[in-house]
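Let me begin by presenting the structure, written as structure tokens, before commenting on it.
The values are calculated or read from the model by the stated rules, or taken from the named source; none is laboratory data. This is a predicted model, so every value here is computed, not measured. In this analysis, Cβ positions are derived from the backbone assuming ideal geometry, glycine residues included, and neighbour counts consider all displayed protein chains. These area figures cover heavy atoms from the full protein model, side chains too; ligands, DNA and RNA do not enter into them. Shrake-Rupley method; radii C 1.70, N 1.55, O 1.52, S 1.80 Å.
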Amino acid sequence: MFGGITLLLLLFVLPCSAQVIDLGINEDTGLQEIRIELPNERVELSLPADFPDPKAAIQGATITVTPPGIRLSIPEKWLERYKQGRNNIHLSKQEREKVRNGSGEWDLEYGKIVNSIFPFEACALHAGGEGWGSGESVSYGDVQMRVYVLPHDKMKVVESIKTNGTLAVYDLSAETYKTKWNDEDGRYLLSIVNWYYDYGGTAHVLIHCIRIKDWTVAVVFMYCHDRRNEINAILDSLTIE
């Protein structure tokens, strides 16, 4: 099922989950008129009753996530802040629960997007260059990261990213949202422009989705400025036990 919105000009990149219907030339304006229809049915990623609580442990700058048994390295500056008690790495179930939802500027929107795509109970790890949410985050220039471990096949998870993610960014900013999918590399990007009083920028949610053993793992990055080097270093460090 689809719900539609009619526009005279297409000013943003359409997600693949949207449909465009050609309505012809508008007699009053002389412009080509189209109708953009977005899916209004969400994809449900329900977890089975026997779903194991994913666990994360840290040793040095290396974090291990079980299941499925992966290791990745975080930036040294993240580790330094963690040792200083900056509340920027959340490993246990109790710690993760505290960062379920975002609050304050930027993290509120990030939280709405990722929580619309993934069941939070599948989150094994939340970490970042700073703390998360009001009172913990110092600036909007840091990277926040989550690792989700899901029992669903990869295609089902990707369907949730494309459908639920699109609906979330459209709901947050229908005028500025953009999506970009790369199925071959398993990378999916959702973006919106955020403005707060006298400043703003583009908020990105980048999802790297891979199949490991019997699990689909989604490594999620939330950031504003160009942080490709930092993100790629983390992804390049990922190894399977």
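Starting from segment 73-98, take each residue that is within 14 Å of Gly60 (Cβ to Cβ) and list its partners that are aromatic (Phe, Trp, Tyr) and open to solvent by 70 Å² or more (accessible area, probe 1.4 Å), counting only C-beta distances under 8 angstrom and pairs at least six apart or across chains.
Ile89/Tyr82
Would you call Lys178 closer than 16 Å to Arg71 by Cα and of a type in the set (D, E, K, R)?
So Lys178 fails the test.
Based on what the data block shows, is Leu125 open to solvent by less than 10 Å² (accessible area, probe 1.4 Å), touching a strand residue (DSSP E or B) at 6+ places or on another chain (Cβ under 7 Å), modelled with pLDDT of 95 or more and under 23 Å from Ala56 (Cβ atoms)?
yes
Look through Val143, Val149 and report the one residue that is touching a Lys or Arg at 6+ places or on another chain (Cβ under 8 Å) and in contact (Cβ under 8 Å) with a residue 40 or more places away in the chain.
Val143
Among the residues of segment 166-181, is any in contact with a helix residue (DSSP H, G or I) (Cβ under 9 Å, 6 or more places away or on another chain), in contact (Cβ under 8 Å) with a residue 60 or more places away in the chain, closer than 24 Å to Glu97 by Cα and open to solvent by less than 10 Å² (accessible area, probe 1.4 Å)?
no
If I filter segment 147-165 down to residues being of a type in the set (A, V, I, L, M, F, W, C) and in contact with a helix residue (DSSP H, G or I) (Cβ under 7 Å, 6 or more places away or on another chain), which single residue comes out as surrounded by the fewest Cβ atoms within 10 Å (Cβ to Cβ)?
So the residue we want is Leu150.
Within segment 197-237, how many residues are open to solvent by less than 40 Å² (accessible area, probe 1.4 Å), outside any strand (DSSP E or B) and not charged (D, E, K, R)?
Looking only at that region, the number is 5.
Does segment 143-157 contain any residue that is in contact with a His (Cβ under 9 Å, 6 or more places away or on another chain) and of a type in the set (Lys, Arg)?
The answer is yes; a qualifying residue exists.
May I ask you to list the residues in segment 82-122 that are on the phi > 0 side of the Ramachandran plot and either crowded, with 21+ Cβ neighbours inside 10 Å or hydrophobic (A, V, I, L, M, F, W, C) (or both)?
Selection gives Trp106 alone.
Mind listing just one residue for me: the one in segment 36-64 that is farther than 23 Å from Glu159 by Cβ and surrounded by 14 or more Cβ atoms within 10 Å (Cβ to Cβ) and, of those, modelled with the lowest pLDDT?
Filtering segment 36-64 for residues that are farther than 23 Å from Glu159 by Cβ and surrounded by 14 or more Cβ atoms within 10 Å (Cβ to Cβ), the one modelled with the lowest pLDDT comes out as Lys55.
Within segment 187-196, track down each residue that is buried (at least 17 other Cβ atoms within 10 Å of the Cβ) and either of a type in the set (Asp, Glu) or in contact (Cβ under 8 Å) with a residue 24 or more places away in the chain (or both).
Tyr188, Leu190, Ile192, Asn194, listed by residue number.
Name the pairs whose Cβ atoms lie under 9 Å apart, with the first residue in segment 226-241 and in contact (Cβ under 8 Å) with a residue 12 or more places away in the chain, the second open to solvent by 40 Å² or more (accessible area, probe 1.4 Å) and part of a loop (DSSP other than H, G, I, E, B), and 6 or more positions between them or separate chains?
Listed pairs, sorted by first residue: Ile240/Lys213.
Residue under question is Ile240, and the condition is that it be β-branched (Val, Ile, Thr) and open to solvent by 10 Å² or more (accessible area, probe 1.4 Å); does it hold?
So Ile240 fits the description; yes.
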